[in-house]
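Report on the following structure.
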Ligand code: NAD
């Protein structure tokens, strides 16, 4: 089946002011998508949805949920789907960083990062594809990280790389399972992007050092990632599945 005239995308982790998710919500609305925002804080999610609706004239809705909690995710999806036209795409952006060295990592820290960055992707994707199989068309995109492919070397350490590597395996296997249902499943793997996820540690000096490592001598912007997401959830990307698209200035080639 082709895309319906009115289609919606739900983005998790799209309420932080300078994050990739909020920028992507606006970018996708510009490209005709109605938008659902799911983030920790319900009010923050609703306020991003309201600004997207107002600026782009699309339908938008926001709901609060911790992606690590499957029940909360399912309730939030019920709320968002009731307010939006047909759900065609889900984009898993909710994530946390973890600068803790492996030898210092506590059980709490290990589970916190896996719960949000990996189990969170499973919870939202599971709920989203339950809707998509009913209409026979769907797009899933999840954020991995170049740290999963290059063996860390970024702000976040091993537990983060472990979760983000899990996202790649999840993506490939689910792509195979869902291909016959008209659903594509892909990942985007960013290099360092100028947002607040590194807790204000991304100084100009650090940015320069990180940029010097890549083929393209700069760090990335939310727009770089939004454009990749827009492509992967587009109708025209229907023959692309199981892929990890690196948007990293050439840090990792595969
Ligand atoms: P950000 O911190 O600006 O945004 C992350 C968002 O996720 C926030 O809005 C936060 O509230 C939300 N979130 C965190 N925990 C949550 C939970 N338990 N439930 C629901 N929402 C939750 O970060 P960002 O840089 O925009 O990152 C977006 C995604 O891109 C993340 O998955 C991140 O790991 C990935 N990524 C970022 C970079 C980078 O350099 N910025 C690089 C590689 C991958």
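The values are calculated or read from the model by the stated rules, or taken from the named source; none is laboratory data. Quick caveat: nothing in here was measured; it's all calculated off a predicted structure. Cβ placement follows ideal geometry from the backbone for every residue including glycine, while neighbour counts extend to all protein chains displayed.
State yes or no: is residue 30 at pLDDT 95 or above and out of contact with any strand residue (DSSP E or B) (no Cβ under 9 Å at 6 or more places or on another chain)?
The answer is yes for residue 30.
Select, from 80, 28, the only residue that is part of a helix (DSSP H, G or I), touching a residue at least 12 places away in the same chain (Cβ under 8 Å), over 16 Å from the mean Cα position of the chain (by Cα) and surrounded by 22 or more Cβ atoms within 10 Å (Cβ to Cβ).
80
Does the range 158-167 contain any residue that is surrounded by fewer than 18 Cβ atoms within 10 Å (Cβ to Cβ) and either within 29 Å of residue 102 (Cα to Cα) or modelled with pLDDT of 95 or more (or both)?
yes
Sort out which residues of the range 168-192 are surrounded by fewer than 23 Cβ atoms within 10 Å (Cβ to Cβ) and within 19 Å of residue 251 (Cα to Cα), and write them in order of number.
168
Inspect all residues belonging to the range 112-120 and state whether any of them is away from the ligand (no atom under 16 Å from the Cβ) and either more than 13 Å from residue 170 (Cα to Cα) or at pLDDT 95 or above (or both).
no
Can you go through 248, 196, 204 and tell me which one is over 25 Å from residue 123 (Cα atoms) and within 12 Å of the ligand (Cβ to nearest atom)?
None of the other options fit; the residue is 248.
Being outside any helix (DSSP H, G or I), within 26 Å of residue 238 (Cα to Cα) and under 17 Å from the mean Cα position of the chain (by Cα) narrows it down to one residue among 67, 9; which is it?
None of the other options fit; the residue is 9.
Check 19, 64 and return the single one that is within 13 Å of the ligand (Cβ to nearest atom) and closer than 19 Å to residue 229 by Cβ.
19 is the lone residue from the list that is within 13 Å of the ligand (Cβ to nearest atom) and closer than 19 Å to residue 229 by Cβ.
Within the range 40-47, identify whether any single residue is under 21 Å from residue 195 (Cα atoms), in contact (Cβ under 8 Å) with a residue 40 or more places away in the chain, in contact with a strand residue (DSSP E or B) (Cβ under 6 Å, 6 or more places away or on another chain) and not in a helix (DSSP H, G or I), and answer yes or no.
No, the range 40-47 has no match at all.
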